[in-house]
1. Test B:THR106 against the criterion of being at pLDDT below 95 and within 33 Å of the chain's Cα centre (by Cα), and give yes or no.
2. Condition first: part of a loop (DSSP other than H, G, I, E, B) and either surrounded by fewer than 23 Cβ atoms within 10 Å (Cβ to Cβ) or touching a strand residue (DSSP E or B) at 6+ places or on another chain (Cβ under 7 Å) (or both). Now tell me which residues in segment A:389-404 satisfy that.
3. Restricting the search to segment A:142-165, which residues are charged (D, E, K, R) and in contact (Cβ under 8 Å) with a residue 60 or more places away in the chain?
4. Among the numbered criteria (1) surrounded by fewer than 23 Cβ atoms within 10 Å (Cβ to Cβ); (2) at pLDDT 90 or above; (3) more than 8 Å from every other protein chain (Cβ to nearest Cβ); (4) touching a helix residue (DSSP H, G or I) at 6+ places or on another chain (Cβ under 6 Å), which one does A:ALA194 miss?
5. Within segment B:13-86, considering only helices (runs of 4 or more DSSP H) that don't extend past its boundaries, which have at least 3 residues that are surrounded by fewer than 20 Cβ atoms within 10 Å (Cβ to Cβ)?
6. I'm trying to understand the selection: among the residues of segment A:289-303, which are within 13 Å of A:PRO369 (Cα to Cα) and at pLDDT below 85?
7. Looking at this structure, is B:ARG25 among the basic types (Lys, Arg) and within 10 Å of another protein chain (Cβ to nearest Cβ)?
8. Given the options B:PHE146, B:PHE156, B:PHE164, name the one that is assigned by TED's automatic domain parsing to the domain that holds B:PRO39, in a helix (DSSP H, G or I) and either surrounded by 14 or more Cβ atoms within 10 Å (Cβ to Cβ) or in contact with a strand residue (DSSP E or B) (Cβ under 6 Å, 6 or more places away or on another chain) (or both).
Amino acid sequence: MNAFPDSVQAEPLLRPGHTGASITERITSNVLVRRTPRSLWVAFAVAFVLVMLLFYAVGYLLLKGVGIWGIRIPVAWGFAIVNFVWWIGIGHAGTLISAILLLLVQPWRNSINRFAEAMTLFAVGCAGLFPLLHLGRPWVFYWILPLPETMTLWPQFRSPLVWDVFAVATYFTISFIFWYVGLIPDLAAMRDRASRRWVQIAYGVLAMGWTGSARHWHRYETAYLLLAGLATPLVVSVHSVVSFDFAVSMLPGWHTTIFPPYFVAGAIYSGFAMVLSLVIPVRKVYGLEDFITTRHLDNMAKVMLATGLIVAYGYAMETFIAWYGGNGFELSMMRLRMFGPYGNAYWLLILCNILIPQLLWLRYFRQKPLALFCVSIVINVGMWLERYVIIVTSLARDFLPSSWAMYYPTFWDIATLAGTVGLFIALMFVFIRLMPMISMFELKLLLPWARGGGRATEDAE
Amino acid sequence: MKAPPIYGLMAEFDSPADVVAAAGRASAAGYTLLDAYSPFPVEGLDSALRVRHTRLPLLVLIGGIIGCAGGFFMQYYAAVIAYPLNVGGRPLDSWPSFIPITFELTVLCAGLTAVIGMLALNGLPRPYHPVFNVPSFERATLDGFFLCIEAADPLFGDRETREFLETLRPKGVHVVPH
């Protein structure tokens, strides 16, 4: 948050011509003045229908129990856990953008961090829903919390499933406070720009009386940096703990030490894909090309390419170790994963996650929004398939052929997945409609004027 | 001592560099009860105002240690004292498997301390502040920079302070009523 060094890349981070005032006017007017674009209403309607579908699916689940899903022994972890891992992975890009890129002094994060943090929050919310529903009796979820007074019974702290509860709850809390702390100065700006009394009061309450005092900024920057420093190891730990759910077990195909790093890389990979899938249309609809430039798209595409290669390395090592480790169960597991009944899913995942993303080596696919959007959608699908393949193939084909069985998702599995996608999109729309979707005070730091050079009217680049 | 009739005098500036220079000169002139307001954190403004470094990092460290120790001993207490479970003859104090939750609770407590500590030390939430009485102060979240010298400052004098602020070449000098 200090002065940033001048960038080496040629593209500007901020379209020239902006001033401190024009940035705030442009971003606050999206919420306070501008009418919601019609295309957004249409998309919101679609998302809303999916939210209704989610309520229907969850309501029916509470009535009937998890038997309505396709989970059967031996595949007791079906869509619910696939979706959980997928959603929580998506969240990771938001923390990477807001915390890790802040510590690495990457000024380009300033125009996408708010958006990505909101995405994290909603993705983690969607993720948390699945283990809860998968419990079978969600209303006694508090049995996994350490509440000794009422329970006289403690959770099993040696179990990765209990670690998960702590990791996800901490992740959600820290993501929320990080997002909210980042919002405080911008909520104050919203308060000062709002014209209607009740709108002023609403933003004023949320801004908590922020004045922009230098003494306050001093503590604010300290707190923000400390939070970033805390969130960085946290984000690595969360998907590591998620991978422990698998790696700590004894099941062939799960019991590997490469899982934590390769899950974290995969999480960031899928998260950037989701950021791009959201940012590209929103940028177009709201005309935010001034703030989210081609350079942002290019940078995000490069991060995606790099993490995608780490994921490819993970797949290669997994296969190599299955052979090199000399364990017959591992080897036959890998053979069944590639050429068994789920072979199609495996090769589709290789296509989506490894082969198609290689297009990102070409500048065209990194910089043309539509092309990049298509690649990011493919990666989202690919990362979902990755979790499907890992979970379902290992469970469906364990040690004893007599216990092998196929897994078939039901309508309710698909309805719940589609429903959370709708919930996620609907929450993003509510966020865009009510909150400044780009961090204004951090964007102003990109102006040469903010770094002590020139006047407010001077161009940005 | 009776309360001064106004909160203070406020000078308005157009650029971060101007307010940093003005804050430095006001501090050098001996004013101590003063503050500057800006739409984003301005580099050098806190040192120009002689703001002492905040105690927040120490609080966060303490919060982290509490989370770490509390998290570990909660698990130790549960697994060894309150609810011992023999899992295949393994030791009850299986500390390596307590590390993930200990880590998560360290981060959780430290993070909450950072935010609550920052707000508490800043005196937020605070719905009313006299500086909001200045009409042009709404630019403090847009592109305005303000330096306010409080009337409670020992060196403060209505005329002297106004004359001093005028020498800093501000865009304007405003009276801040209570």
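1. Working: at pLDDT below 95: no; within 33 Å of the chain's Cα centre (by Cα): yes.
No; evaluated as a whole, the condition is false for this residue.
2. From segment A:389-404, those part of a loop (DSSP other than H, G, I, E, B) are A:397-400, A:404; that's our starting set.
A:ASP398, A:PHE399, A:LEU400, A:TRP404 - these are the residues of segment A:389-404 that are part of a loop (DSSP other than H, G, I, E, B) and either surrounded by fewer than 23 Cβ atoms within 10 Å (Cβ to Cβ) or touching a strand residue (DSSP E or B) at 6+ places or on another chain (Cβ under 7 Å) (or both).
3. Answer for segment A:142-165, where residues must be charged (D, E, K, R) and in contact (Cβ under 8 Å) with a residue 60 or more places away in the chain: just A:ASP164.
4. With respect to (1) surrounded by fewer than 23 Cβ atoms within 10 Å (Cβ to Cβ); (2) at pLDDT 90 or above; (3) more than 8 Å from every other protein chain (Cβ to nearest Cβ); (4) touching a helix residue (DSSP H, G or I) at 6+ places or on another chain (Cβ under 6 Å), A:ALA194 is out only on (2).
5. Working: elements: B:16-28, B:45-48, B:56-76.
Of the helices (runs of 4 or more DSSP H) lying wholly inside segment B:13-86, those with at least 3 residues that are surrounded by fewer than 20 Cβ atoms within 10 Å (Cβ to Cβ) span B:16-28, B:56-76.
6. Of everything in segment A:289-303, just one residue is within 13 Å of A:PRO369 (Cα to Cα) and at pLDDT below 85, namely A:GLU289.
7. No.
8. Values: B:PHE146 fails: in a helix (DSSP H, G or I); B:PHE156 fails: in a helix (DSSP H, G or I).
Sole residue among the options that is assigned by TED's automatic domain parsing to the domain that holds B:PRO39, in a helix (DSSP H, G or I) and either surrounded by 14 or more Cβ atoms within 10 Å (Cβ to Cβ) or in contact with a strand residue (DSSP E or B) (Cβ under 6 Å, 6 or more places away or on another chain) (or both): B:PHE164.
The values are calculated or read from the model by the stated rules, or taken from the named source; none is laboratory data. Treat the numbers as computed from the prediction; the structure is a model and nothing was measured. Positions of Cβ are backbone-derived with ideal geometry, glycine not excepted, and every protein chain shown enters the neighbour counts.
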